[in-house]
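Below: the structure, in structure tokens.
The values are calculated or read from the model by the stated rules, or taken from the named source; none is laboratory data. Not measured: the values here are computed from a predicted model. All Cβ positions, even for glycine, are placed from backbone atoms using ideal geometry, and neighbour counts span all protein chains on display. Side chains included, ligands, DNA and RNA excluded: accessible areas come from the protein's heavy atoms. Shrake-Rupley method; radii C 1.70, N 1.55, O 1.52, S 1.80 Å.
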Amino acid sequence: MKLSTKHLLGIKDLNREDIQLILSTAEQFKEVLQRPVKKVPSLRDVTIVNLFYENSTRTRMSFELAERRLSADVLNFAASTSSSAKGETLLDTVNNILSMKVDMVVMRHSASGAPHFLAKNIPAAIVNAGDGINEHPTQALLDAFSIKEKLGRLEGLKVAIIGDIMHSRVALSNMYLLKKMGAEILVAGPPTLIPKYIGEALDVRVEYNLKKALEWCDVANVLRIQLERQNQPLFSSLREYNLAYGIKRRLLEDLSKEIVIMHPGPINRGVELDSDVADGPYSIILNQVENGVAVRMAVLYLLADREN
Ligand code: CP
């Protein structure tokens, strides 16, 4: 089987079969990653550039490790130390890199739509590693993989996405993916951080009461408050946000059932998530990070396979 798309720009463009193919291929790569020798020759002679115009720890390192585990040749680009700081355009930068016989581009950019623009103007396959407030497709894929690994299925599960929905590419990609795979979605948080009409537009539930959201769900995916994307204050203070919407151990212990806690990272400890929850028994946060490598191996392998 092959993916239906040449690029991975967003979950919006994938069909259910694409998602199933990526998740089942990732299962095979996860098995490879448990072996003493964690490397396979699948992408030998393929060269990949990791083009990061915005800060990242998990995604950048996870892509690089995935590429190296597949035996690809890897180039790393950080905008702050490149000639883009001298005014070179995105397209000039990428065309110059591609002229060095680079086959695939993994890109993170603060502008929503930047990878879509590139896809229209360059011949190489592009993987979106997060574009502005639009999509973060590999995060949603690794989240789905981690939920399935923990609970055995996606179909019929109730997933609450909690916090700064307004500025979150993780939220949008998760909503697209989980809806396609038959899960029910609820978004929760203060009204100022939830886009108006999201319920109707994306066919999701909206809940402003944290306790009710937690009582409803099987899985709570807690989002980072993205202060860097807020032009004006959207809640009174971080302390008050924590009091109203922070996930606390006591809240989880008072629920009628056990739920799974996820977070894409980086965490604002003591704001959206208390440390004893982030590091506690309900959390699968580090499993998400671990699974990111296998999921990104699957994405790169399947896109390269489509090229052949
Ligand atoms: N989850 C995520 O995208 O983290 P980074 O910003 O560290 O890559």
Practice item. Can you work out the accessible area per residue across the chain, with the rest of the protein chains kept in place, probe 1.4 Å, in square angstrom? Key: 45 Å²
Exercise for review: Treating cross-link reach as a plain straight distance, find the lysines whose alpha-carbon is under 28 Å from the alpha-carbon of K257, omitting any fewer than eight places away in the same chain.
Suggested key: K148, K150, K158, K179, K180, K211, K212, K248
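Relative contact order (percent) for segment 137-288, with alpha-carbon contacts under 8 angstrom and 6 or more residues of separation? It would help to have the intermediate numbers written out before the result.
On the way: 260 pairs, mean separation 36.1, N = 152.
This gives 24 percent for segment 137-288.
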Exercise for review: Kindly provide the trypsin sites (Lys or Arg not before Pro) of segment 212-308 that DSSP labels as loop, not H, G, I, E or B, and whose Cβ sees at most 13 other Cβ atoms within 10 Å.
Suggested key: K257
Point to revise | Bins of 20 Å, starting at 0 and running to the largest distance - Cα pair percent for the chain | key: 34, 57, 9
Practice item. Please identify every one of the trypsin sites (Lys or Arg not before Pro) in segment 1-65 that sits in a loop by DSSP and has no more than 16 other beta carbons within 10 Å of its own beta carbon. Key: K2, K6, K38, K39, R44
Review point. Just A213, A85, A160 to compare: in a GNM of the chain, with alpha carbon springs under 10 Å, which one fluctuates most?
Key: A85
**Study point:** Among beta bridges that DSSP assigns inside the chain, antiparallel share in %, nearest 5
**Key:** 5 percent
Study note, to complete from the structure: So for R0 = 30 Å, FRET eff. of E215-L151 from the Cβ-Cβ r, to 0.05, ends up at 0.95
Check your understanding: Are there any helices in the chain, counted as whole DSSP H runs, that stretch 27 Å or more along their axis by Cα and score at least 0.0 on average by Kyte-Doolittle, and if so which?
Key -> 285-307
Review point. What's the center-to-center distance, using Cα atoms, between segment 79-96 and segment 276-308 in Å?
Key: 29 Å
**Study point:** Helix-only CD estimate at 222 nm, as mean residue ellipticity for the chain, using -39500 (n - 2.57) per DSSP H run (n ≥ 4)
**Key:** -12000 deg cm²/dmol
Practice item. Label segment 137-288 by shape, choosing from rounded, prolate and oblate, from the square roots a ≥ b ≥ c of the eigenvalues of the Cα gyration tensor; if a/c is under 1.5 it is rounded, and otherwise prolate applies when a/b is larger than b/c, oblate when it is not. Key: rounded
Check your understanding: A201 to L227: extension gain in nm, 0.36 nm per residue of separation minus the Cα-Cα distance?
Key -> 6.8 nm
Review point. Could you state the principal axis extents of the C-alpha atoms in segment 1-97, from the largest down, to the nearest angstrom?
Key: 44, 35, 25
Review point. In segment 147-254, which chymotrypsin sites (Phe, Trp or Tyr not before Pro) fall in coil by DSSP and have 11 or fewer other Cβ atoms within 10 Å?
Key: Y197
Exercise for review: First select every other residue whose beta carbon is under 12 angstrom from the beta carbon of C217; then total the charges, Lys and Arg +1, Asp and Glu -1.
Suggested key: 0
**Study point:** For the chain: relative contact order, % (alpha-carbon pairs under 8 angstrom, 6 or more apart)
**Key:** 21 percent
